[in-house]
Structure formats: C-alpha cells, structure tokens
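The values are calculated or read from the model by the stated rules, or taken from the named source; none is laboratory data. Model, not experiment: these values are computed from the prediction. Every residue, glycine as well, gets a Cβ built from its backbone with ideal geometry; the counts of neighbours run over all protein chains shown.
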Amino acid sequence: MPYQQRLVTLAGYAVLLITALIFVFLVQQSWPFVREHGSLVFFTGDRWLPVSLPPVFQIGGFLVSSGIITGVAIIIGVPFGVLAAISLAELLPPGVSVIFRSIFEVTAGIPSVVFGFLGLKIVAPAVAGLLNLPTGLTGFSAGLVLSIMILPTLVSLSEEALRAVPREYAEASYALGANRWQTIWRVIVPSARGGIGAAVFLAMGRAIGETMTVLMIAGGRLAMPTSIFDPMRPITALIASEVNNAARNSMQYHALFTAGLILFIITFAVNAIAASVIVGKKAR
Amino acid sequence: MRTKYSAREIACLLALFLTVLPPLAAVLYIFVQALPGISFEFIFSMPVRRGIEGGILPAIVGTLWLMFGTTLAVLPIGVGAGIYLAEFAPNNRLTRLLEMALVNLAGVPSVVFGLFGYTIFVIMLGFGPSILSASLTLAALTLPLVVTATRWQTVSTIIMPCARTGVVTGTLLALARAAGETAPILITGAAFALPNLPRSFMSRFMALPYHLYISVTQIPAMPPERMWATAGILLFLVLTMQVGATIWREQERRKKQW
C-alpha cells in the first residue's frame, strides 16, 4: 500500500475514532453520577435542585421541553419544507431552482446565536402581543424560530429524494392521462417518502440539538411545562446555562454530563434512523 | 414557452416563497439595524466598561484566530478521510460503520461537542481554556462538512485536482461554522470583554458570537445599537464565506460540464 493511501486510510479511521471518543468521554464523565444517583426518577421527575442539601437531579421537565419545542418546529416546518421541495424539484425551471437552492444554502449558515437574538428582539414580543401572553419567551416561540432554522435541511434533502424518483414513473403516470399535480402528489411524492422521511428525522435531530436559540428564547423555567406557551428549558439549554458554574467533578457537573449523554443517545438514535435510509439506499 | 400552474401548484410555490422570506428578511433587517452602530472606533478599539463603550476588536481578532486554528486542524483529517471514502474504502461493514459515524457526527449537538472538547482538550490534554482547545473542538464539529465536501467532488484517477473544488468548498463552510458557533466555545475558553488581544494559541479569547450572546442576555446596560452592530459584523463574516462556498461550487460545476 503506498504511504499516501495509508495516510488517508488513517484519516478515515480518525473520523470513526472521534465519534467513538465523544461517546466514551460522555460515559466516563457521567459514571460518578449514574453510580450514585442513577434511577428511573432521573428521567421522570421534574425537580432540579443542584445546590440544595441533598441535591436533586431530575431531567423529566427538560426532556418534555425538548420534545415540545422539537414538535412545534417539525409540525410547522415539515409542510412548508416538503411543498418548497416539490416546487424546486418539479415545478420551477432549473435556472430558477438554482437561485432558491443557493438562498437556502446561504441562510443555512446564519449562526444560531443570531437567530436567538432576532427571536428575542422580534419573535418573542410578537408572540406575546398576538397571543396575549405574559411573556413571549415560550417553548412555542423557540419552536417557531427553529422551524425556520431546520428548513434548509428539510428542503434540500426532500428535493434530492424527489429528484431520485425514476422519470419512468412520471411518464407512466402521464401516459395514463394524469395531469402534472396528480403525478406529483400521487406518484412522485409517495415514491420519495423514504427520503423525505429521512429528511424529517435529520431535521428533528437538528432541532433537538439546537442550543443557543432555545437558550435565549425558550424562557428557561425549570418546572415541567404544562402548555406549549409556557417558558421552559430544554436539555441543551440546561447544559449550556449551568456547565460553566458547576464546580468541576461535583455531582452537578457529572449530572450535566449525564444529561449530555442522554442528549447524545437521543440524537444518535434519530440520526441513525435517517442514516440507515440514506446509507441503505446507496448500498443497493 | 410559459408554464401554466394550477391552483394547487401555485399554493406550492407560495410555500416556497414563505420559506425563503424569513431568513432573507432577517439578514436584511440585521444589516440595516447594524449600520448606525458600526464605526471605525467600534471595529478597531478595545472594549471599555464591559463593552458598553469602546469597540470589539478583540472579539473580531479572536474569531479570526478560531477560524485559522480550526482550519489548520480540520483540513488534514477531513480531506484525507474524504479522499479515503471516495477512492479506497472497500465495500464492507467497516466502511458502512464509518459512514454511519459520519452522519451521526454531523448530528451531534454543538453543546455536546463543548462537553467533549472540555473533557479532552481543556482538562485531559491540559490545554486549558484557550484558543487551542476551542479550535480543536470546532475542528471535530466541522469535520463532517469537510469530509462530505471533499468526497463529493473527488472522482477517480486524477484525485487531487478534482478534490480541490471540494476542499475549497469544505474549508469555506468550516470557516463559516467556526466563526458562528457559540455553544462549543462557551466552555472551552471564550471570555467576555477582555482588555487585550490574544497573544498565542494558549490565550483565552473573545469571539463575536459569544460577545453577542453575553451582551444580549447578561448586560442590561448594553446599548441596542452595539448588539445589532455585533450581530451585523458576525453575520457579514459568516455569510461572506457561505456565499463564497456556493459561488465557488457552482462555477466549478459549470466548468466541468463541458
């Protein structure tokens, strides 16, 4: 094997190693907490009192908050994303599609702290005003902003899935007398549903893991949310807001790493579902 | 020839417009709001009174350091792995595992990268809270971008000239991410309102996204035009590279077509 090939092979395995190391370090840093406090109530309870005596660490409220915010983002984002993808793949001439695709690519780069800032200045006051809420810093506001942030992922991958549908399917549909919309809606979209599903899961993974936006807009309340219009604190915001103040190797520190481990496992599972669709398709 | 659209198709196109409108409007709005706060002094002087007066030079310089450090660290591994996947990876289980790892690495939440970087770089390897620790953390985060971009452009036999397009695209995307990420640098060395510029890779540092975050959430006396100006400069920096990546790729693609 020439040495260049050996070098790039090494680089390839480095990617594998880094992914594995992230998991290993999260487990290692979580272990002191899991050993002493590990129980089911960690997931189901909603009391987080890191400095009381004795301290209480329960992340149920944060998990529910992450779920609510992700749900809002997906419910608002997916219909728009799929319809936009249909426009790009099937309705617009290629020259026009390229322009829109470039816009999505560029806006995918807007930093999440900038979205958080805008959410704080514009979205939150608007939500509070329109819905007559005491504060606009709610799970709904965070989900609303996230729905915009996940659109580039949704649109580009859904479009790819639509384009991958063999042209013969559409031609057969036209030959049977179907018009364009019938062909799109009854033939092309159903044939692409695997790829669109993968897009939705990847977007979901992104929404669950998003940190700065939810840290700034979701409101940060520790208690279990009772409505999507409550201020809440998702799991990413919990970690980002406390990790700097937790004394190193304190129980709070290890509890935060445990929360990070749970977050890693959730996003890993969601992404693995998407990856199995994508990688599986390539293997065929 | 004009294409005619049915009512449902028009609804579809409307959805497309509604999806591009908010981000475009956001970018425009930020630039307009940022203009009054941007001055020579704001860009080129040190922060005074926790950034309420003076400028944000250390944040701009800190972000440039981070971009430089991240690129230096991510390029060898990212390009290497991209070429490996495109050229040499056999069709077996291990390669599929590698592909799964790549997709999942791209999906790891940024705050988790922060925890990882803190444990391995700040504590275990003893780099402390520093530009070095933060850059290496951001390199892990941007790795999938570089691998994917390199791999996508690498076509058999004449490897490097073809990989080049992907390498440039991947680098620009990685630079944009390194400039814009907040959560990973939160725990690996970012600091607020430092009185001087970083001296080496071992220095603590200011960075634009972190400066914006703290200004907005923890400094009630911060004049709004300073927050908008910070957001505007950050956005300008990031979008320049993002636009660069898109234009570069489209041009190279066109060149190759004939």
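From A:VAL96, A:VAL114, A:VAL78, which residue is within 13 Å of another protein chain (Cβ to nearest Cβ), at pLDDT 95 or above and surrounded by fewer than 22 Cβ atoms within 10 Å (Cβ to Cβ)? Don't jump to the end; show me each part of the working.
Values: A:VAL96 fails: at pLDDT 95 or above; A:VAL114 fails: surrounded by fewer than 22 Cβ atoms within 10 Å (Cβ to Cβ).
Only one candidate qualifies: A:VAL78.
You will find that of A:ASN244, A:ASN249, the residue that is surrounded by fewer than 18 Cβ atoms within 10 Å (Cβ to Cβ), part of a loop (DSSP other than H, G, I, E, B), within 9 Å of chain B (Cβ to nearest Cβ) and not charged (D, E, K, R) is A:ASN244 and no other.
Close Cβ contacts (under 6 Å, 6 or more residues apart or on different chains) running from residues in the stretch B:83-96 that are crowded, with 17+ Cβ neighbours inside 10 Å to residues that are among the charged types (D, E, K, R) comprise B:LEU85/B:ARG151; B:ALA86/B:ARG151.
Which members of the stretch B:216-258 meet the condition of being hydroxyl-bearing (Ser, Thr, Tyr), touching a helix residue (DSSP H, G or I) at 6+ places or on another chain (Cβ under 6 Å) and surrounded by fewer than 24 Cβ atoms within 10 Å (Cβ to Cβ)? Result: B:THR246, single match.
Summed over the stretch A:1-46, the residues that are free of Cβ contacts under 8 Å to residues at least 12 places away in the same chain, farther than 18 Å from B:VAL103 by Cα, crowded, with 16+ Cβ neighbours inside 10 Å and within 27 Å of the chain's Cα centre (by Cα) give a count of 1.
Filtering the stretch B:181-230 to residues that are without any contact (Cβ under 8 Å) to a residue 24 or more places away in the chain and among the basic types (Lys, Arg) leaves only B:ARG199. Answer yes if at least one residue in the stretch B:238-257 is in contact (Cβ under 8 Å) with a residue 24 or more places away in the chain and closer than 25 Å to A:ASN244 by Cβ, and no otherwise. Yes, the conditions are met somewhere in the stretch B:238-257.
Cβ separations smaller than 6 Å between residues 6+ apart or across chains give no pair from the stretch A:97-110 residues that are without any contact (Cβ under 8 Å) to a residue 40 or more places away in the chain and closer than 10 Å to A:VAL155 by Cβ to residues that are part of a helix (DSSP H, G or I) and of a type in the set (D, E, K, R).
Taking the stretch B:122-146 only, how many residues are under 12 Å from A:ILE18 (Cβ atoms) and touching a Leu at 6+ places or on another chain (Cβ under 6 Å)? Walk me through how you get there before you give the answer.
Narrowing the stretch B:122-146 to residues under 12 Å from A:ILE18 (Cβ atoms): B:136-137, B:139-144.
Now drop any that are not touching a Leu at 6+ places or on another chain (Cβ under 6 Å), which leaves B:144.
Summing the residues that are under 12 Å from A:ILE18 (Cβ atoms) and touching a Leu at 6+ places or on another chain (Cβ under 6 Å) in the stretch B:122-146 gives 1.
Among the candidates B:LEU136, B:LEU105, B:LEU85, the residue that is over 23 Å from A:VAL200 (Cα atoms) and under 17 Å from the mean Cα position of the chain (by Cα) is uniquely B:LEU136. Screening the stretch B:197-255 for residues that are aromatic (Phe, Trp, Tyr) and not in a loop (DSSP other than H, G, I, E, B) and picking the one that is modelled with the lowest pLDDT gives B:TRP248. For A:ILE99, the conditions (1) outside any helix (DSSP H, G or I); (2) more than 22 Å from the chain's Cα centre (by Cα) all hold with the exception of (1).
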